[in-house]
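Take a look at the structure set out below.
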Amino acid sequence: MTGSPMIYVLAFVAVVVVVQALAGLVFSARDRTQRVNRRLAMMDSGMSREEIFSALVRRPPGVRASGRLDAFYERLELYMRQAGLLMSPARLGAITAGVAGALWLVGLSVATSGKGPGVLASGAISLIGACVLALVGVGLWLRHQRNTRIRKIEEQLPLALDVVNRAVRAGHPVISAVQLAADEMGDPVGSEFGLIVDETTYGVEFKEALANFARRTGSADGHFFAVAVSIQSETGGNLAEILEGLASVMRGRHSLGKRVKSLASEGRASAVLLSVLPVLLICGQLVFRPTVYSEKFSDPIFWPVVFLTALIYLGGWLMVHRIINFKY
């Protein structure tokens with residue numbers, strides 16, 4: 001093909017851009033883990049509390065669509081905040097599009113040959129496979145980031161409650177105790193507790209700031225903490241004893257969860273492999289060998305088999321999902 005050299009050049013440029021973006025994400029994540037507290041690091045760099053609050057909590061400015069698209073955008077934005085990502089969904093979409101474009105160009109350089117409608121059909125099929133691969137890959141990475149952050153929050157939260165408990169017993173107001181925990185704890189709980197203090201500083205009620213903390217983190221233990229303190233603020237009672245009991249319940253729940261996950265680890269690994277591998281294999285063939293499927297489009301039995309296979313796959317995925325997910 002006459003355009004093959006240009007395809008190779010574009011594929012090389014796209015791969016370089018994608019590698020640079022992924023390297024930036026990896027190094028920024030490693031840099032965040034080396035810091036004691038991201039919020040304190042921002043304060044040390046000279047940022048004001050207003051700027052830190054805007055960067056970590058407030059929604060970034062941008063065009064919002066109305067209706068279902070706006071609701072989907074907000075859910076995705078919340079999901080990304082729960083994963084600890086400060087980028088906007090639009091930027092994540094641009095990264096996903098770049099990954100898909102790179103895969104598509106590589107697939108074109110490998111798969112296409114000849115001229116005419118066959119090349120166009122192969123390119124279209126390869127584009128579909130590249131988009132699905134990029135969406136699946138970015139989705140799995142985002143889900144892993146969110147689960148990792150929630151797991152770390154639930155590991156740190158009992159320690160943070162112990163700090164708040166000791167400060168309350170020593171006579172500090174509850175908001176000062178939360179500020180002390182924010183200064184002593186590392187990420188992500190340290191930054192999240194600091195944001196609770198910042199919200200109350202800007203006039204938000206303490207129980208509403210706790211509800212925002214629970215929503216922002218996506219942790220079940222965070223919801224327990226918010227509800228317990230909100231009920232105590234309305235009905236009264238010994239806050240220190242409530243926090244002590246809550247920390248004990250969280251530790252027991254976390255320990256039980258680890259035991260359950262360890263016993264079900266083999267099944268979970270098999271479920272992930274059986275769920276992801278067929279999609280990756282099919283999409284890989286769509287990208288690099290699109291003629292495997294395009295040559296069968298005219299066969300009358302092809303599309304019924306595809307539809308039946310998709311139904312069987314979906315049913316199997318639902319059953320496996322129910323088997324490996326336990327409520328404890």
Neighbour-count ranking for Glu205, Glu199, Glu234 (other C-beta within 10 angstrom, fewest to most) reads Glu234, Glu205, Glu199
Note: Glu234 to Trp317 extended length (0.36 nm per residue) minus current alpha-carbon separation gives 25.4 nm
The range 125-196 and the range 248-266 have their Cα centres apart by a whole-number Å value of 19
When Val197, Val136, Val320 are ranked with the fewest other C-beta atoms within 10 Å first, the list becomes Val136, Val320, Val197
Rounded to 0.05, the calculated FRET efficiency for the beta carbons of Leu277 and Glu208 at R₀ = 51 Å is 0.70
proj_area_mean for the range 152-263 (convex hull on C-alpha atoms), units nm², value 6.6
Full extension between Lys258 and Thr148 adds, at 0.36 nm per residue less the Cα distance, a length in nm of 38.2 nm
One point scatterer per Cα, no solvent, Debye formula: log10 I(q)/I(0) for the range 223-306 at q = 0.12, 0.19, 0.27 Å⁻¹ comes out as -0.65, -0.92, -1.19
Within the range 201-224, the residues whose backbone N lies under 17 Å from a label point placed 7 Å from the Cα of Asp183 along the Cα-to-Cβ direction are 201
Kirkwood radius from Cα pairs of the range 121-166 plugged into Stokes-Einstein at 10 °C, 1.306 mPa s, gives D in µm²/s equal to 118
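Bear in mind that the values in this text are calculations on the coordinates, not laboratory data. Owing to the predicted nature of the structure, the values given are computational and were not obtained by experimental measurement. FYI the Cβ positions are ideal-geometry reconstructions off the backbone, even for glycines, and counts take in every protein chain you see.
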